Amino acid sequence: MRVVVIGAGIAGLATAGLLARDGHEVEVLERHAAPGGRAGSWERAGFRFDTGPSWYLMPEVFDHWFRLMGSSADRELDLVGLDPAYRVFFEGHDDALDVSPDRAANAATFEAVEPGAGERLERYLDSAHDTYDLALRHFLYTTFASWRPFAHPDVAKRWHRLAPLLGASLGSRVAASFQDVRLRQVLGYPAVFLGSSPDRAPSLYHLMSALDLDGGVRYPQGGFARVVDAVAGLAVGAGVTLRTRARATAITTTAVGNGPGAARTRIPVPGSRRPRAAVTGVRWVDASGDEHHAPADVVVTAADLHHVEQDLLPPDLRDRSPGWWARRDPGPGGVLVMLGVRGRVPQLAHHSLFFTADWRENFGAIAEGRVPDPASLYVCAPSRTDPTVAPPGHENLFLLVPVPADPGLGRGGEDGAGDAAVEAVADAAIDRVAAWAGVPDLRERVVVRRTVGPGDFAADLSSWSGGMLGPAHTLRQSAMFRAGNRSRRVAGLLHAGGSTIPGVGLPMCLISAELAVKRVRGDTTARPLPEPRPALASQE
């Protein structure tokens, strides 16, 4: 079967690789000069920056995908454990809090901040682990084509605990156990990784704390561009044709029953509604502006779902109306600041978080379309771990400030040349890091600077509303309520990536690749795809 994948981000590459391993003829179309999508890379003056994901969490998901491809994470990546896992700076407090890769150490840290919090953290993490394990076994790897996973005895006996986790917010779940605002912030902030906020993310997502507070955080030497290279290399090695500077302009279809495309497709559409059309391929334009057509029996879109439906399909073949999108949450936008800094900044850990005191106002401003002032932010300093990302004796700093998903805030640029609103957010973030971390001359030591704003996410990644991650993980946009990965109106049209199930983030995108493959295979189970036996994998 011939498959065309739109987009060479991590989801597109991972989907293409798995389908090629299944024996299909797979072609990937990527509009940019290099693969990666949100997980991109940028270099200047000896500094190399990851322009997107920077947390290596859910390692078992990466391990599983690599094994499906006949390799392993150990073989493809040089992973380093971080200690501390991350450091947290709090407005109004002189001392930072270090989160350790060791659970007992974190319990002791919580206890020192709030008597009794250590024991409560232990119980919280027990619940987080139980929920995370249940999600892996029954929810994350399902396409929701069947309701059987929900009837599994393992799930049924836990419904009395799962229901309250869906009905309450993560913020309320944390507040019920911890009084100190700093501890609440540490446990509530994972909602931001889900494109949401503690007061809007279901408390089911307290499972995120099982990933960093008990097991730690890793870093792939060479940066996350190295992860993209590894996934792309295995995909191409499996036979995938990767075309860069190839911009998809339309998904071509034929009416059901009127052409060979419908006859060839083996991707049935569930439910009583018959598909109106079947895919025949993808039209695309190369760097010279010449038009091409890639024929296909199946098309997998790994681009932003809003862009796919609004720009690549005619109105009568879209599953979702403009009104549907208007009622959904695109998640936050972001201002990214890449700084090459002269000299070292030992005050920062590899990962550092800066939390404002007025937590509710910070998230409320974003929800209302305002840039928070002051704003919480995240700083990655990979040069604390990886000597290859900065010249000797210098630091590579990546700042991320969540802001509203609004392309009108503008685009970034190099050396302060971005739009005024974006550069103002960047200046304030640099000054905040300087003040709270005790680096008073930080601004004067910047030798390389580049900013990215919501306008860049919209223009360069076709991101809905300039969103930074993808649709927020609110209750109505999680699990079976999230956009599905198969078109109801076009047979043979599948979706992968952060816009669809199971959600945002590199691990979720790898899982979404498996879900697309399950659709092709007709697999309705909730289990991960079976891995090749070690003896077979070692021979390939």
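The values are calculated or read from the model by the stated rules, or taken from the named source; none is laboratory data. The structure presented is a predicted model; accordingly, all values stated were derived computationally and were not measured. Cβ: placed from backbone, ideal geometry, glycine included. Neighbour counts: every protein chain shown. Side chains included, ligands, DNA and RNA excluded: accessible areas come from the protein's heavy atoms. Shrake-Rupley method; radii C 1.70, N 1.55, O 1.52, S 1.80 Å.
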Rounded accessible area of residue 385 (nearest 10 Å², 1.4 Å probe): 40 Å²
Spacing of the two label points (7 Å from each Cα toward its C-beta) at residue 324 and residue 367, in nm: 2.5 nm
Mean accessible surface per residue for the chain, computed with a 1.4 Å probe while every protein chain stays in place, in Å²: 38 Å²
Projected label distance in nm at residue 459 and residue 2, using a 7 Å step from Cα toward the beta-carbon: 3.6 nm
Distance-filtered residues of segment 93-126 - backbone nitrogen under 19 Å, label point 7 angstrom along residue 435 Cα→Cβ: 93-97
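Using 0.36 nm per residue of separation minus the Cα-Cα distance, give me the extension gain between residue 112 and residue 98 in nm, one decimal.
On the way: separation 14, 0.36 × 14 = 5.04 nm, distance 1.22 nm.
Working it through step by step, the gained length comes to 3.8 nm.
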Angle between the chain longest axis and helix 117-138 axis [Cα atoms, degrees, rounded to 10]: 10 degrees
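Would you kindly work out the equivalent ellipsoid of segment 399-540 from its C-alpha gyration tensor and give its semi-axes, the square roots of five times the eigenvalues, largest first in whole Å? Walk me through the numbers before you get to the answer.
Values: eigenvalues 316, 85, 38 Å².
Semi-axis lengths for segment 399-540 are 40, 21, 14 Å.
Taking only DSSP H segments of four or more residues, each worth -39500 (n - 2.57), what value at 222 nm results for the chain once the sum is divided by all its residues, to the nearest 500 deg cm²/dmol? Could the numbers behind the result be given before it?
Working: 21 runs with 186 residues, N = 540.
After summing the helix terms and dividing by the residues of the chain, the value is -9500 deg cm²/dmol.
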DSSP beta bridge pairing in the chain, given as percent antiparallel to the nearest 5: 70 percent
Protection proxy ranking of 324-337, 197-210 - average other beta-carbon atoms within 10 Å, highest first: 197-210, 324-337
Helix 59-68 vs. the chain, principal-axis angle (Cα, 0 to 90°, nearest 10): 30 degrees
Under-5 Å amide H pairs with residue 252, H placed in peptide plane, nonlocal only: 280, 281, 282, 283
Nearest-ten-degree value, helix 10-21 long axis tilted from longest Cα axis of the chain: 40 degrees
Packing rank of 221-228, 450-457, 392-399, 474-481, where each peptide gets the mean count of other beta carbons within 10 Å, highest leading: 450-457, 221-228, 392-399, 474-481
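Once you have the Cα-Cα distance between residue 288 and residue 420, take 0.36 nm times their residue separation minus that, and quote the gain in nm to one decimal. Don't skip to the end; give the middle numbers.
Working: separation 132, 0.36 × 132 = 47.52 nm, distance 3.31 nm.
The residue 288-residue 420 span can extend by a further 44.2 nm.
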